1. Could you list Val56, Val93, Val48 so that the one with the fewest beta carbons within 10 Å of its beta carbon is first and the one with the most is last?
2. I need the trypsin sites (Lys or Arg not before Pro) found in region 188-222, filtered to DSSP loop residues with at most 16 other beta carbons within 10 Å of theirs.
3. What angle, in degrees between 0 and 90 and rounded to the nearest 10, separates the Cα long axis of helix 2-15 from the longest principal axis of the Cα atoms of the chain?
4. Could you tell me which trypsin sites (Lys or Arg not before Pro) in region 30-127 are loop residues by DSSP with no more than 15 other beta carbons within 10 angstrom of their beta carbon?
5. Going by C-beta contacts inside 10 Å, put His151, His179 in order with the fewest on the left.
6. So, with +1 on the Cβ of K and R and -1 on the Cβ of D and E, and no other charges, what is the size of the charge dipole of region 49-132 about its Cα centre, to the nearest 20 debye?
7. So, with +1 on the Cβ of K and R and -1 on the Cβ of D and E, and no other charges, what is the size of the charge dipole of the chain about its Cα centre, to the nearest 20 debye?
8. Counting other Cβ atoms within 10 Å of each Cβ, which trypsin sites (Lys or Arg not before Pro) in region 140-184 have at most 16 and sit in a DSSP loop?
Amino acid sequence: MRTISIAAVGLVVSMLVASDATAQWNVARFDTSPNRVHTGFGLDPALVTTVGYSRVLSLVGHRLQLSGDVGIAAANLDTHDFRARVQVLTSIVRWRSLYLNGSVTSITRGTENSIYRGLNFGADFTANAGVYRRGWFAAGEFGFDKAVVTHLTHSDWYRQYFYPEARDGWYLDAGGTFHYGLVGGITIGRAEVCGRGGVLRTENFNGLMPSFYAGLGVGLGF
């Protein structure tokens, strides 16, 4: 029955592994609006609605964006299925309008159902390269989302009808997910509209269901 628990850990991660459009903004505009609020909606692989806040900071003369957001499953707005993230995004190399960017994201996510309650802590590392101008940008991206540690609490119903000796506790290394695709956006006044989409694969490059991600985000700078 330990196999069932390990599978449950994987489900916790797959529920809210999303890194939707709200996490990517036009780095060429970092000097125009230091603050922005944003919201987004995406399939990655669950339907998730996200709201967040970002601020551009300067560190040793180099600009970076610090973001925080909270997302919940959009199907029924169930707060038991949630994700919270803190991200740092910055430009690594730039030549004219060509940028190579990188982001590091700390992720907390959880889900609850009739079988178990799960809480996962993980991290996402993503790089993208493309053309970034003040009014628009387009880039390709490649990233890896790693589930570092997950806690499972099995329900009384599950213990009564399926496995009385199910053990609660922490599980290390529940796997990871690669994501790669395209991202782009346009600027309309102080607002940015950003979209992204691509392919999802396990860390062994096996397929997932669904096998793709897609998201749309809107941000307002001030």
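Coordinate-derived values only; no laboratory data. Keep in mind it's a predicted model, so treat the numbers as computed, not measured. Cβ sites come from the backbone with ideal geometry, for glycine too, and all protein chains shown count toward neighbours.
1. Neighbour counts put them in this order, fewest first: Val93, Val56, Val48.
2. Those satisfying the criteria are Arg190.
3. Compared with the principal axis, the helix lies near 30 degrees.
4. The qualifying sites are Arg96.
5. Working: His151 17, His179 24.
The order, fewest Cβ neighbours first, is His151, His179.
6. Computed about the Cα centre, the dipole is about 420 debye.
7. Working: 19 positive and 16 negative charges, 171 e Å.
Dipole of the chain, to the nearest 20 debye: 820 debye.
8. Counting only loop positions with at most 16 other Cβ atoms within 10 Å, the trypsin sites (Lys or Arg not before Pro) in region 140-184 are Arg167.
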